[in-house]
Amino acid sequence: MRKNRFGAIAAMAAVAALTLTACGGSDNAGDGEGDKVRIGIKFDQPGLGFQDGSTYTGFDVDVAKYVANELGYTEDKIEFVSAPSANRETLLETNQVDMIFATYTINDKRKERVGFAGPYFIAGQDLLVRADDSSITGKESLDGKKLCSVTGSTSAENVKKDVPGVSLVEQQGYADCLGLLETGSIDAITTDDIILAGLAATSANKGKFKVVGKPFSEEPYGVGLNKTNDKCEKINTAIKKMIDSGEWQKALDKNTEGTGYKPSALNPPTKFEACS
C-alpha cells in the first residue's frame, strides 16, 4: 500500500511538471523558447498582408518575419492568423495571437485595451477612385459622394467626423469595396495610401483605379501586443535594426514596386512608443 501511494504521488508530480512545461511556452513567447509564435496579419491586403494558399506576402509580413527572427523565431515557427480590423483588440486580449502586424494604427483609444511597439511605418489616409474619374481630387471633393471603407478602421471614423456630407458604406474587407467601386455603386474607397497602392497594383486591378495622392492624416503602424506582453523594447530594437540595416527599405521597395507610391518624409520612423 505504501509503495503504491508513493507511486501515485510520483505520477502526479510528473503530470504537474509536464503541465508547467506546457504553460512555460506561453510565458516565454517572444524569447524563442516556445514552439510557435502566433502573429496576426491581414489576409486580404496585397502588398501588406496577403494570403495565397499557404504563402503570406507583403510589407507587414516581411517586418513581422524580421522581428520574429530577432526574437528567436525562425520562419517555420511563425503561425500567421487572420486579424481583421474589427477583431484586433479581441485577438490580443484573449491571447489568440502574440503580436499583430496588420496596418494597426496606434491611437489613444486602442491603448486603453492593448499595448503597442513601433511604429514601423507611418502611412497617410488617401482615396482610391476609378481611373477615369476626375471629379474627386481630395477629401474636399467628397461631399455628396458614396465612400467605402472597412468596419473598425480609423479611416471610417476619420471620414465620418471630417466630411459630414459623405455617404459612408462600410464593408468587411477592401476586396468588397473594390467590387462596389468597379461597378459604380460607390465613388471612392478610403484607407491608408500604402494599402490603396497595393490594391491598385494587383494584376487584376492594374489600369482600373488610381490613388488620388492627397493624404490627409498620419497613421503610425504599430505592433499590437497584449498589455501583459513584456517584449516591447525588444521589438523596438528589432525594428530599428531592420531600418538601420537597409532591410526595411528593401522590403518596402519590393512590396510597392510598380505602384508609383512614395512614402511620406516621416518614413522610416525614428521615434518609437515608450514601453511601459
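The values are calculated or read from the model by the stated rules, or taken from the named source; none is laboratory data. Predicted model, so just to flag it, every value in this text is computed and none were measured. Using ideal geometry, Cβ is built from the backbone for each residue, glycine included, and neighbour counts are taken over all protein chains shown.
With (1) surrounded by fewer than 24 Cβ atoms within 10 Å (Cβ to Cβ); (2) part of a loop (DSSP other than H, G, I, E, B) as the list, and THR103 as the residue in question, which single condition is left unmet?
(1)
Might you check whether a residue that is modelled with pLDDT of 95 or more and assigned to a loop (DSSP other than H, G, I, E, B) occurs anywhere in region 243-260? Let's see the steps before the verdict.
Taking region 243-260 and keeping what is modelled with pLDDT of 95 or more, we get 243-251.
Keeping just the survivors that are assigned to a loop (DSSP other than H, G, I, E, B) gives 246.
Checked region 243-260: at least one residue is modelled with pLDDT of 95 or more and assigned to a loop (DSSP other than H, G, I, E, B).
Take the conditions of a type in the set (Ser, Thr, Tyr) and at pLDDT below 95 and apply them to SER82. Does it pass? Walk me through it before giving the result.
Values: of a type in the set (Ser, Thr, Tyr): yes; at pLDDT below 95: no.
No; evaluated as a whole, the condition is false for this residue.
Between residues in region 97-118 that are within 21 Å of LYS77 (Cα to Cα) and residues that are β-branched (Val, Ile, Thr) and assigned to a loop (DSSP other than H, G, I, E, B), which pairs lie under 9 Å by C-beta distance while being six or more apart or on different chains?
Going by the 9 Å Cβ cut-off, the qualifying pairs are ILE100/VAL114.
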